[in-house]
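Presented below is the structure to which this report refers.
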Amino acid sequence: MSSKNYTITFDNLSLAQIYYWSSDWGTEWTPHHMSAKLPLEIGVTAGRSSKGHHPFIIVEDGSSAHFLAVAWSGNWQISCTPHLHSIEILVKSDCEQTRLITKTVDSGGINAAMREFIADFRELDTHGTPKLLTEWNSWWPYEDTDINEETLLANAVRAQAAGIEVAVLDAGWFGPAAKDSHWHHLRGDWDQRNIERFPSGLGNIANAVRDLGIEFGIWLEIEALGEKAELAKIHPEFVAQHNGENLQYACLGNPDALAWALEISKGLIEECGAAWIKMDFNVDPGPGCNRADHGHDATLGLHAHLQSLYTLLDTLKKDYPDLIVENCSSGGLRWDLAMATHVDMGFASDPDWPEHSLACFWASSLFFPPEKLLGWCDSQWHGEHAKQLFTAQDSSDADLEFALSITLLGGFGISARLPEFSASKMELVAHFIGIYKEFFRPRFQNAAFINHLTPQPQRDGKGSRTVAFAIETQDQLPLVTIYQLDGGPTQSSITYLPPKPEATYQIRNLVSDEILFKAHKGVLTFQNSLKDNSAMILIFEEISG
């Protein structure tokens with residue numbers, strides 16, 4: 001492993017705290033904090049940058065704040081060793097050269113450091129203005145066994161009518177012509193098409209979707225190698241191995257495997273004219289490949305694989321500049337600032353019930369620009385999950401409205417059985433998509449920052465049950481979103497000072513169009529009367545400077 005070390009200082013270390021977040025499937029962005037006078041060691045050994053912990057820490061004493069990110073998609077370790085007035089920080093990774101992004105401020109605390117940290121990252125990102133298309137995705141309501149041509153098109157009709165701009169076909173399109181074939185076992189056989197489910201072929205189906213007035217997107221897990229995939233027999237030299245054990249992915253550190261992966265990825269994009277590709281990865285590479293016949297050093301197999309993956313992603317953006325490339329890895333288990341420079345956005349988490357969605361956005365928006373964050377909320381699950389209870393027919397309009405108000409944060413997506421939505425539910429979807437396109441997307445496209453007005457919510461009724469954010473840009477009117485979760489006490493009031501405190505604002509509820517304050521100047525103290533599982537979306541409309 002390579003390493004870097006440095007030292008940060010504080011006048012009084014007893015006042016300083018260290019914040020970090022653990023992570024696993026469905027438990028991304030679980031917060032932890034501790035005294036900076038205690039030693040800390042966190043890291044990842046699963047081979048995915050956020051499977052175990054997220055690669056970030058914050059050290060702050062109320063005024064000064066230090067942000068650290070490990071910009072790497074593989075294994076890493078952060079160690080903090082306290083001294084009298086300083087902390088020695090040692091970072092290791094299995095990247096050939098450990099890459100860090102840091103920011104320290106002497107005043108303004110976490111909020112000031114966050115803004116400078118994210119601004120610095122935006123300077124590194126070359127993707128330009130994000131498109132942020134509103135999406136419908138097939139996965140949760142149908143998974144792979146229940147998705148087919150007819151079902152896809154029926155959802156695309158309803159999606160287009162509501163103003164959604166792209167329909168993304170997730171897993172289920174590849175493999176042998178069998179209704180019950182299972183996607184997980186067959187990953188790698190991307191040259192096969194399941195014509196039992198999609199008899200017209202992907203190209204014709206994509207054209208049919210576009211004929212409805214909506215773009216077409218596709219899912220791909222190009223790295224993975226399922227246990228029944230023919231690829232391992234056809235190209236055994238592609239298989240990643242560690243000490244002879246099959247790691248269940250194709251090692252892109254092998255130049256021939258990278259060439260194959262590029263050919264497959266580009267062929268799929270061109271076959272269906274994809275406007276969006278969801279690049280998934282549901283495998284733990286662990287220490288990575290150490291085969292001697294791949295051309296990489298035995299100790300740098302994961303490094304070689306990830307560098308080739310970055311090359312693949314960059315090539316797709318270069319050759320298809322209008323393509324949206326989404327990063328997913330069992331939800332948010334390989335999401336870091338290195339990966340974020342090679343894709344348009346990253347998926348937050350597979351589970352997405354409201355308190356979990358808000359918890360993920362709250363924490364991730366400290367480190368990632370909001371335009372990089374894609375999250376759905378309260379998807380309609382085909383399978384069972386104790387918290388994923390939304391259904392098209394049984395859930396109330398109020399349940400849907402709350403979920404859609406959370407979906408406004410970052411990229412906007414929905415994964416539900418739209419043909420089963422009532423007329424009133426479809427009207428709600430259309431209404432919130434209209435709000436997103438008019439108010440939220442333009443701000444996210446204009447380098448918005450998220451001002452965290454309340455502490456982080458947590459799963460299982462923990463953390464703050466009142467959650468509020470301000471969305472601020474340099475030259476647009478601020479938005480404030482307020483959410484009231486169930487399961488705990490309500491915060492009686494939320495205080496917010498707009499970026500132009502000398503201005504007079506009319507404050508309007510964007511959902512109901514109700515004017516809450518006809519003329520307000522200075523600090524707003526909003527008295528919280530929200531019921532459990534409800535929200536308010538406010539815009540501050542300047543009426544005098």
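The values are calculated or read from the model by the stated rules, or taken from the named source; none is laboratory data. Everything quoted here is computed from the prediction, not taken from an experiment. Every residue, glycine as well, gets a Cβ built from its backbone with ideal geometry; the counts of neighbours run over all protein chains shown. What goes into the accessible areas is simple: the full protein's heavy atoms, side chains included, and nothing from ligands, DNA or RNA. Shrake-Rupley method; radii C 1.70, N 1.55, O 1.52, S 1.80 Å.
Odds and ends about this structure:
- Virtual spin-label span in nm between Asn207 and Gln97, 7 Å along Cα→Cβ: 4.9 nm
- Cα gyration tensor of the range 157-290 - equivalent ellipsoid semi-axes, whole Å, descending: 30, 15, 13
- Measuring how big the range 366-423 is from its alpha-carbon positions, Rg and Dmax come out at 12.6, 39 Å.
- 9 Å beta-carbon shell around Gln484, net charge (K/R +1, D/E -1): 0
- For Rg/Rh (Cα atoms, Kirkwood Rh), the candidate list reads (i) 0.97; (ii) 0.95; (iii) 1.05; the entry that matches the value derived from this model is (i).
- Note: relative contact order over the chain, using C-alpha pairs below 8 Å and six or more positions apart, is 12 percent.
- For the chain, taking a cut-off of 4.7 Å between Cβ atoms, the unpaired cysteines are Cys80, Cys95, Cys272, Cys328, Cys360, Cys377.
- Put a dot 7 Å past the Cα of Leu124, heading toward its Cβ, do the same for Gln17, and the two dots end up 2.6 nm apart.
- Within the range 448-462, backbone nitrogen closer than 17 Å to the virtual label 7 Å beyond the Cα of Asn528 toward Cβ: 451-462
- Overall form of the range 343-464 per C-alpha gyration tensor (a/c, 1.5; a/b vs b/c): oblate
- Bridge orientation summary for the chain: considering DSSP beta bridges with both residues in this region, about 75 percent are antiparallel.
- Cα-based reach from Lys228 at 29 Å (exclusive), listing lysines while leaving out same-chain residues under 8 positions away: Lys51, Lys179, Lys266, Lys278
- Residue-count net charge about Glu371 - beta-carbon cut-off 11 Å; Lys, Arg +1, Asp, Glu -1: +3
- Residues Asp322 and Lys179, FRET efficiency given R0 of 56 Å [Cβ-Cβ distance, rounded to 0.05]: 0.95
- Per-residue ellipticity at 222 nm from helix content only, as computed over the chain with -39500 (n - 2.57) for each DSSP H run of at least four residues, stands at -7000 deg cm²/dmol.
- Inter-part distance, the range 425-481 to the range 333-399, computed on C-alpha centroids, equals 14 Å.
- In order along the range 528-535, the Karplus-derived 3J(HN,Hα) couplings, from 6.51 cos²θ - 1.76 cosθ + 1.60 at θ = phi - 60°, round to 7, 10, 5, 7, 4, 6, 9, 8 Hz, and Gly and Pro are given as x.
- Volume per residue for the range 282-357 equals 109 cubic angstrom (convex hull of Cα atoms).
- Model label zone, Leu497; criterion: amide N under 18 Å from point 7 Å along Cα-to-beta-carbon; scope the range 83-107: 106-107
- The shape of the range 101-156 comes out prolate: with a ≥ b ≥ c from the C-alpha gyration tensor, a/c is at least 1.5 and a/b beats b/c.
- Inter-label distance, nm, simple model (7 Å from Cα along the C-beta direction), Ser200/Asp146: 2.2 nm
- Once backbone amide H atoms are built at 1.01 Å from N, Ser379 has Asp352 as its partners under 5 Å, excluding neighbours fewer than 5 places away on the same chain.
- In the range 394-545, the portion of solvent-accessible area held by carbon and sulfur atoms comes to 48 percent [1.4 Å probe, whole percent, DNA, RNA and ligands not counted].
- Long-range HN-HN contacts of Gly188 with modeled amide H, under 5 Å: Gly226
- Take every pair of alpha-carbon atoms less than 8 Å apart whose residues are at least six positions apart; their mean separation over the length of the range 288-355 yields a relative contact order of 23 percent.
- Cut-off 9 Å between beta-carbons: net charge of the residues surrounding Arg48, Lys and Arg +1, Asp and Glu -1: +1
- Once C-alpha pairs closer than 8 Å and six or more residues apart are averaged by separation and normalised to the residue number of the range 279-434, the relative contact order reads 16 percent.
- Length available on full extension from Lys387 to His32: 0.36 nm per residue minus the Cα-Cα distance, which gives 125.5 nm.
- Spatial separation of Cα centroids for the range 56-103 and the range 115-131, in angstrom: 20 Å
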